[in-house]
Every structure is written in C-alpha cells, then in structure tokens.
Amino acid sequence: MQDSANDTANEKTQTRLQAFLAHCGVASRRASEQIILDGRVTVNGTVVTELGTKVSNKDKVCVDGKPVHLEERKCYVLLNKPAGFVCSSSDEKGRQVAADLLRDSYSERLYNVGRLDMYSKGMILFTNDGDFAAKLSHPSSQIEKEYIVETSQDVSEETAALFEHGIRIDNVFYKCRRCEVLKPRKIRIVLIEGKNREIRKLLESQNVGTRALVRVRIGNVQLGELRPGEFRDLTEKEVMGLLELCK
C-alpha cells in the first residue's frame, strides 16, 4: 500500500515536459515546445519529442546534452537593450545576444519575454518564470507597449490618425492604440499586439523612414533612467502589476 501511495503522489507531482523546461529557465513554454520537437531534449537518456510527456524531479532531463534543474529563485529583470543586440538565446549568425549582458550577474538561465528587433533599443524583460512569461506573451494579455520613434521625414497628424484607425499592409492589418506627434519627426506610439517590425512597416507604408526606435514602457513598468546596457530587477509591485494587467 505504501508503494502504491508513493506512485500516486509521484504522478501528482509530474509536470508536462515543456512546462518543466520553462520552470528550469530554459525558455518560455512555447519556445520549449519547439526545443522538444527539434529532438534536443532527453529524459533519462532517451530523446523525447512528444509534447505530452510528463516528468518529475526524479527524472534526469537534459537539453543539448546538458542537465537542467528546477530553479528555486524566480527572477524578473528589466534590460535597456542597446541597438545591435538580438533577442534570442543564441544566434547562428554570430551576432550579439541581449541575454549575454545579464550572464555575469545572474547564474539563473534567463530568457526574454517578447522581442525587440536588432536595430531597436529600450526595455525588454527577462525571466526564468515560465508561467509569468506565458501570461505576458499571450495575445489576450493586451498589455500596452510604448515607443518613442525618431523619423527621417515629418509625420503629420493625419498620418498619426491613420495609424490609430488601422491600415492593411501585405494582407496584414496593423493598428496602434495611440499615436501622438511630439515633433514633426518624433512620435510616441502605443501598441498592444506588437507584430514583427510593426512600427517600421507602418511608417514605411507612408514612405517615412525610422531613424531610432526606443521602447520606454511595458504595461505599468517604465524604462526610467536606465542607460543602454543597464538592467535592474523588477520590484514585487511591478511584477504583480503586470500580472494584474493580464487578467
């Protein structure tokens, strides 16, 4: 009876492999699914590519041959990403990776929540909390992301209103929540979706180039006085505020 009870308890503590990897700080849950499908994960020495696989703390899980373990400390980090860095765990083209700016200060495996393209600057969040990353990244979260953009040509009030109304480009519909002209060649724009290169494509559709693009706010969290390359831990209030915005 004791063995049966232990088996039942072990089953209750089992976790889907992609969730386990996220809680180990390997990557977000969605990115972990792709890592599994790519055949990069072994469980007790056997390659596993089935997303429904469940594991427990007693199983030996490896990614690319390296053991991974559940991390006790949850980290939530805000980085002011400089231009020239890509938002990925590694880059096959040899480009600089934003996560490398954190490696000397955090022993945990941190991954970015969302992205900024290589040429954009500003705030990007990093964490090893898979549930936190999944909630913020889900399309239903509707979390505002605010950008300051310097352009190569003047942006009219009519163009700003067009962006707020929405515009279709190559069969993709783009629409910002707000667009404010600060100066003829400087705008503030707020998104809630953040499609790939959305702001640049909006501007290009009106024959306006982008000279500089900086993300200055995500939800309730402001970039503040952080200089490019600097980072800080989010406060507990900021973390809870972001989660509240996801509801």
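When nucleic acids and ligands are ignored and a 1.4 Å probe is applied, R177 ends up with an accessible area of around 110 Å². Remark: segment 62-71, residue by residue, has Karplus-estimated 3J(HN,Hα) of 10, 10, 6, x, 9, x, 10, 9, 5, 9 Hz, where x stands for each Gly or Pro and the curve is 6.51 cos²θ - 1.76 cosθ + 1.60 at θ = phi - 60°. V216 exposes around 30 Å² of accessible area when a 1.4 Å probe is run over every protein chain in place.
The packing ranking of peptides 28-36, 99-107, highest mean first, is 28-36, 99-107, where packing means the average number of other beta carbon atoms within 10 angstrom of each residue.
Applying the Kirkwood pairwise sum to the alpha-carbon positions of segment 133-213 produces a hydrodynamic radius of 12.9 angstrom. Bridging of K183 to aspartates and glutamates at a Cα separation below 12 Å is possible for E150, D154, E157, once same-chain residues fewer than 8 apart are set aside.
Here the average projected area of the convex hull drawn through the C-alpha atoms of segment 111-247 stands at 8.5 nm².
Here the accessible area is traced with a 1.4 Å probe on the protein chains. For the chain, carbon and sulfur cover 47 percent of it.
In this structure, the amide hydrogen of Q96, modeled 1.01 Å from its nitrogen in the peptide plane, lies closer than 5 angstrom to those of V86, counting only residues at least 5 positions away or on a different chain.
Take the cross-link list K66/K237; K54/K247; K186/K237; K195/K247; K54/K237 and give me the ones stretching past 26 Å between alpha-carbons. The pairs that break the limit, which is 26 Å between Cα atoms, are K66/K237; K54/K247; K186/K237; K54/K237.
A dipole drawn for the chain from +1 and -1 charges on Cβ atoms has a positive end, and of L21, V77, N128 the residue lying farthest that way is V77. When the P(r) is computed for segment 75-154, the part past 17 Å accounts for 50% of the Cα-Cα pairs. Rolling a 1.4 Å probe across the protein heavy atoms gives the chain an accessible surface of 56 Å² per residue. Reported value for the chain: 156 Å³ per residue, from the convex hull of its C-alpha atoms.
The values are calculated or read from the model by the stated rules, or taken from the named source; none is laboratory data. Quantities reported herein were computed from a predicted structural model and do not represent experimental measurements. Note that each Cβ is placed from the backbone with ideal geometry, even for glycine, and that neighbours are counted across all protein chains shown. All accessible areas refer to the heavy atoms of the entire protein, side chains included, with ligands and DNA or RNA removed. Shrake-Rupley method; radii C 1.70, N 1.55, O 1.52, S 1.80 Å.
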